[in-house]
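Here is the structure we will look at, set down as structure tokens.
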Amino acid sequence: MKILYVTSHFLPQSIGGMELHIYRLAKEISKTDQILIFCNGKDLEKEDYLIEDLRYDGINIRRINYTYRDFTEFKDGYINKKIEREFEKILDVYQPDIVDIHHLGGLSTTIIQSIKKKGIPLVLTLHDYWLICPKGQRIRDDDLTLSETIDRERCASCLQSALSARQRSPLWRLFEFFKSSQTAFAKQLFEYDQHIRQMLRLPDVIITPTEFFRREFIKYGVRSERIKTIGHGLDLDLFNNVTRTSSTKTRFGYIGSVIPSKGVHVLIEAFNKFQRNDVSLSIFGEVKTFHGDTGYGERLRKLLTPGKDVTFYGRYENEHIPHVLSEIDVLVVPSLWHESFSIVIREGFLARVPVIATDLGAMKEAIEDEKTGLLFERGNADHLFEQMRRLVEDKELKARISNNGVSVKHIRENAQELLTLYKELVGSKIAE
């Protein structure tokens, strides 16, 4: 079977939960079936629409570079006829049996129509809110509040605020026209909604990694019978020989992208409240630009109380995750947005490291409070500190949630689930 994966980002240029999940699936599926990745390059040093054929760890990639330098209006951010035409060439040459779209940011939503016109079975796998929120996370930049409901007047205000408050890169030229009236832009967002809802009716199956995310897209209008939950699998073999190191301190750790919506500042505020020297905090992850904001890392360092044992380790490689987890005693996941799955929570389970996470979205779905981990109120540094303090002082609680017996799906099982689904869809198409 020839499978085509479509995504906005891929390794090695971009690393994150979605990219790692796609990589693991592609590696596993390629053992039995043929797979090609189509993605956006987003390289400002290269010309737009440059096509590159690459290989990463044995995976074939066709990458098209696009950085929004030729857009003229908002819809150019999600409808791009040049990318659509290049994609149709891939369909003609590669002739996939099935396509699984993981993300369309920086590409074109009309790719969905191209696939359906050719009668190719189509799966849409959702990783964030990009098809609802142009920024992907339904969170405001200025005050980091959540948008619990879809209010396009408020969306227009949010995007305009982001524009005026941030030092913009060329990618942010996409939002230049937001300077027009809020009402005029809200109208553009209503048109965006109409288009996206039309696109969401076309896939044969829509996949979400959690029940929480499934419910969110049903609220947006996706029919419940067309959307199913298939949780992500992990490479469990990486964790077979994790040997924990010891320390005289309780070592708290954060693992992931260092951006405002991940709540690292909340963790630092909580850690600052400790009045003892037998605790430390390690932050593993790259400080990234967040919607044009390049100053988050500096703000975090200014937030630190002098003398606190806090270390920023920067970017890490995925294969080093078990080693990283072997050198921390408590994993904290303080994210301020709902998250769609949270791979890092499962990695904590696999390494038998107790996890404290925000009581929100997929994180709350992953953890049973007081049994498989601890939850704290979103953005509440006082509550987070209290949960952290408990794990310093209550050894029985720490041991209990470290050995919680939670089962984590292997990537092999996940790949087999998807292959079974793909074959059913291809078989149904042949039988028509």
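The values are calculated or read from the model by the stated rules, or taken from the named source; none is laboratory data. Note that this is a predicted model, so its numbers are computed, not measured. Glycine also receives a Cβ, built like all others from the backbone with ideal geometry; neighbour counts cover every protein chain displayed.
If I filter the stretch 94-116 down to residues being farther than 20 Å from Gln194 by Cα and not aliphatic (A, V, I, L, M), which single residue comes out as surrounded by the most Cβ atoms within 10 Å (Cβ to Cβ)?
Asp100
Taking Leu91 and the conditions (1) surrounded by fewer than 17 Cβ atoms within 10 Å (Cβ to Cβ); (2) assigned to a helix (DSSP H, G or I); (3) not β-branched (Val, Ile, Thr), which numbered condition does it fall short on, given that it satisfies the others?
Of the numbered conditions (1) surrounded by fewer than 17 Cβ atoms within 10 Å (Cβ to Cβ); (2) assigned to a helix (DSSP H, G or I); (3) not β-branched (Val, Ile, Thr), the odd one out for Leu91 is (1).
Which residue pairs have Cβ atoms under 6 Å apart, sit 6 or more places apart or on different chains, and have a first residue in the stretch 290-304 that is charged (D, E, K, R) and modelled with pLDDT under 90 and a second that is in a loop (DSSP other than H, G, I, E, B) and surrounded by 13 or more Cβ atoms within 10 Å (Cβ to Cβ)?
Cβ pairs passing all conditions: Asp293/Arg166.
When the residues of the stretch 30-53 are filtered to those that are part of a loop (DSSP other than H, G, I, E, B) and touching a residue at least 40 places away in the same chain (Cβ under 8 Å), which remaining residue is surrounded by the most Cβ atoms within 10 Å (Cβ to Cβ)? Write out each step before concluding.
Keep residues of the stretch 30-53 that are part of a loop (DSSP other than H, G, I, E, B), which gives 30-33, 41-50.
Still in the list and also touching a residue at least 40 places away in the same chain (Cβ under 8 Å): 32-33, 42, 44.
Working: Thr32: 11, Asp33: 16, Lys42: 20, Leu44: 12.
So the residue we want is Lys42.
Looking at this structure, is Ile206 in a helix (DSSP H, G or I), surrounded by 14 or more Cβ atoms within 10 Å (Cβ to Cβ), at pLDDT 95 or above and touching a Leu at 6+ places or on another chain (Cβ under 7 Å)? Even if it seems obvious, please write down each step before you answer.
Working: in a helix (DSSP H, G or I): no; surrounded by 14 or more Cβ atoms within 10 Å (Cβ to Cβ): yes; at pLDDT 95 or above: yes; touching a Leu at 6+ places or on another chain (Cβ under 7 Å): yes.
No: the conditions fail for Ile206.
Quick test for you: out of Lys398, Lys371, Lys423, Lys429, pick the one residue that is within 21 Å of Ser342 (Cβ to Cβ), among the charged types (D, E, K, R) and in contact (Cβ under 8 Å) with a residue 60 or more places away in the chain.
Numbers: Lys371 fails: in contact (Cβ under 8 Å) with a residue 60 or more places away in the chain; Lys423 fails: within 21 Å of Ser342 (Cβ to Cβ); Lys429 fails: within 21 Å of Ser342 (Cβ to Cβ).
Only one candidate qualifies: Lys398.
Filter the stretch 268-278 down to residues that are more than 26 Å from the chain's Cα centre (by Cα) and surrounded by 20 or more Cβ atoms within 10 Å (Cβ to Cβ), then give me how many there are.
Step one: list which residues in the stretch 268-278 are more than 26 Å from the chain's Cα centre (by Cα), which gives 272-278.
Adding the requirement that they be surrounded by 20 or more Cβ atoms within 10 Å (Cβ to Cβ) leaves 274.
Within the stretch 268-278, residues that are more than 26 Å from the chain's Cα centre (by Cα) and surrounded by 20 or more Cβ atoms within 10 Å (Cβ to Cβ) number 1.
Here's a check for you: in the stretch 277-303, which residue that is assigned to a loop (DSSP other than H, G, I, E, B) and in contact with a helix residue (DSSP H, G or I) (Cβ under 6 Å, 6 or more places away or on another chain) is farthest from Ile345 (Cα to Cα)? Lay out the reasoning, then the answer.
Our first condition is that a residue be assigned to a loop (DSSP other than H, G, I, E, B); within the stretch 277-303, this holds for 277-278, 285-286, 288-289, 291-292, 294-295.
Now drop any that are not in contact with a helix residue (DSSP H, G or I) (Cβ under 6 Å, 6 or more places away or on another chain), which leaves 291-292.
Values: His291: 25, Gly292: 28 Å.
Only one residue tops the list, namely Gly292.
Step by step: first the residues of the stretch 351-389, then only those that are among the small types (Gly, Ala, Ser) and closer than 21 Å to Glu148 by Cα, then the one that is surrounded by the fewest Cβ atoms within 10 Å (Cβ to Cβ). Which residue is that? Steps first, please.
Residues of the stretch 351-389 that are among the small types (Gly, Ala, Ser), as a first pass: 351, 357, 361-362, 366, 373, 379, 381.
Within this subset, residues satisfying the condition of being closer than 21 Å to Glu148 by Cα are 357, 361-362, 366, 379.
Working: Ala357: 28, Gly361: 22, Ala362: 24, Ala366: 24, Gly379: 18.
Checking each candidate, the answer is Gly379.
Quick check: anything in the stretch 252-260 within 26 Å of Leu350 (Cβ to Cβ), assigned by TED's automatic domain parsing to the domain that holds Arg390 and surrounded by fewer than 18 Cβ atoms within 10 Å (Cβ to Cβ)? Outline the logic, then answer.
Looking only at the stretch 252-260, we keep the residues that are within 26 Å of Leu350 (Cβ to Cβ), and these are 252-259.
Imposing the further condition that a residue be assigned by TED's automatic domain parsing to the domain that holds Arg390 reduces the set to 252-259.
From the residues that got through so far, the ones that are surrounded by fewer than 18 Cβ atoms within 10 Å (Cβ to Cβ) too are 257.
The answer is yes; a qualifying residue exists.
In the stretch 404-432, which residue that is among the hydrophobic types (A, V, I, L, M, F, W, C) and in contact with a Pro (Cβ under 7 Å, 6 or more places away or on another chain) is nearest to Phe349 (Cα to Cα)?
Restricting attention to the stretch 404-432, the residues satisfying the condition of being among the hydrophobic types (A, V, I, L, M, F, W, C) are 406, 408, 411, 415, 418-419, 421, 425-426, 430-431.
Adding the requirement that they be in contact with a Pro (Cβ under 7 Å, 6 or more places away or on another chain) leaves 425-426.
Values: Leu425: 34, Val426: 36 Å.
Among residues in the stretch 404-432 that are among the hydrophobic types (A, V, I, L, M, F, W, C) and in contact with a Pro (Cβ under 7 Å, 6 or more places away or on another chain), the one nearest to Phe349 (Cα to Cα) is Leu425.
For Tyr56, which of the numbered conditions (1) buried (at least 22 other Cβ atoms within 10 Å of the Cβ); (2) in contact with a Pro (Cβ under 7 Å, 6 or more places away or on another chain) fails to hold?
So the condition that Tyr56 fails would be (1).
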